[in-house]
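Read through the structure below, which is laid out as structure tokens, and then see the notes.
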Ligand SMILES: [Zn+2]
């Protein structure tokens, strides 16, 4: 039987000197892309072939011992010299098993290989995960403990994360070794978190196969829109209404802040559209401290009316003429 050469580096689209991390990343990306469960019926068969190729390549390149042997004898193969390109997949696109090339080099299912030498590969760390956490502007100031649910990758319960069942790939996770599950996570947020900030939650990411430590969870903070304040970077903007006489004469007025109403001085002769700055009442700023709150003043007449108010306005009109 011909042992068609398999170019595992080409299968994962990585260079020959790719690091373990690069190989892992390439594998995860491709495994998701070609996962047969995620494909339409008419694409399943082609995806399965591709998926099998990727898994076999990863099986070899992720294991330093197998990779070493592959690099040493790979091009010639264990038997005869072979063409430099990946052999076209043989028929019978089942999930099971490895190519003849693989079995020629590592034994059936690779089992003959790891055994005997006494050495199993070091357990790999679980995958890092990413998630977004949306919080209110108020909560961004105070920080504290937050609970939220998240769909995270967990070790496949059917195969314990190995991705294999017997000689073939685990059907439950299709060889990836992990599945998704909703988990409740609690995170301690620091004070003054900012929009777009990335927090690292150690050990809250994907579980590891083979007893390695779990991956980390990177939490991206998103600040929710607020009904009263508009955020621009660390600065906030809001608006207040002022009565014509207060705008003319100056007054003490109440303005909203994230921490509740605050009394500030409205200077005399403030025009409608004028902007007041309340220092340090904005959001958390990069490098520490807080941005400012800008209060847009809208001068408006009062809906309240009386004979006296009418009379005073008439007097005002005459005086201003
Ligand atoms: Zn599985």
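One residue stands out among those in the range 138-165 that are within 16 Å of the ligand (Cβ to nearest atom) and without any contact (Cβ under 8 Å) to a residue 40 or more places away in the chain: the one that is nearest to the chain's Cα centre (by Cα), which is 156. Among the residues of the range 253-271, those that are touching a strand residue (DSSP E or B) at 6+ places or on another chain (Cβ under 9 Å) and over 10 Å from residue 240 (Cα atoms) comprise 257, 258, 261, 262, 263, 264, 265, 266, 267, 268, 270, 271. Taking the range 1-120 and the helices (runs of 4 or more DSSP H) fully enclosed by it, the elements with 1 or more residues that are modelled with pLDDT under 75 and surrounded by 13 or more Cβ atoms within 10 Å (Cβ to Cβ) are at 41-61, 64-73, 100-106, 111-114. Among the residues making up the range 277-300, none is crowded, with 19+ Cβ neighbours inside 10 Å and free of Cβ contacts under 8 Å to residues at least 40 places away in the same chain. Within the range 134-157, being surrounded by 15 or more Cβ atoms within 10 Å (Cβ to Cβ) and part of a loop (DSSP other than H, G, I, E, B) holds for 143, 156.
Take the conditions (1) in contact with a helix residue (DSSP H, G or I) (Cβ under 9 Å, 6 or more places away or on another chain); (2) surrounded by 14 or more Cβ atoms within 10 Å (Cβ to Cβ); (3) farther than 22 Å from residue 34 by Cα; residue 191 misses just one of them, which is (2).
Scanning for something under 30 Å from residue 131 (Cα atoms), modelled with pLDDT of 95 or more and not assigned by TED's automatic domain parsing to the domain that holds residue 154, does the range 239-257 turn up at least one residue? Taking every residue of the range 239-257 in turn, at least one turns out to be under 30 Å from residue 131 (Cα atoms), modelled with pLDDT of 95 or more and not assigned by TED's automatic domain parsing to the domain that holds residue 154. Just one of (1) free of Cβ contacts under 8 Å to residues at least 60 places away in the same chain; (2) within 12 Å of the ligand (Cβ to nearest atom) fails for residue 176. It is (1). Return yes or no: is residue 181 more than 16 Å from the ligand (Cβ to nearest atom) and either part of a strand (DSSP E or B) or in contact (Cβ under 8 Å) with a residue 24 or more places away in the chain (or both)? Answer is no for this residue.
The values are calculated or read from the model by the stated rules, or taken from the named source; none is laboratory data. Keep in mind that what you see is a predicted model, and the values were worked out from it rather than measured. Counting neighbours? That spans all protein chains shown, and the Cβs are built from the backbone with ideal geometry, glycine included.
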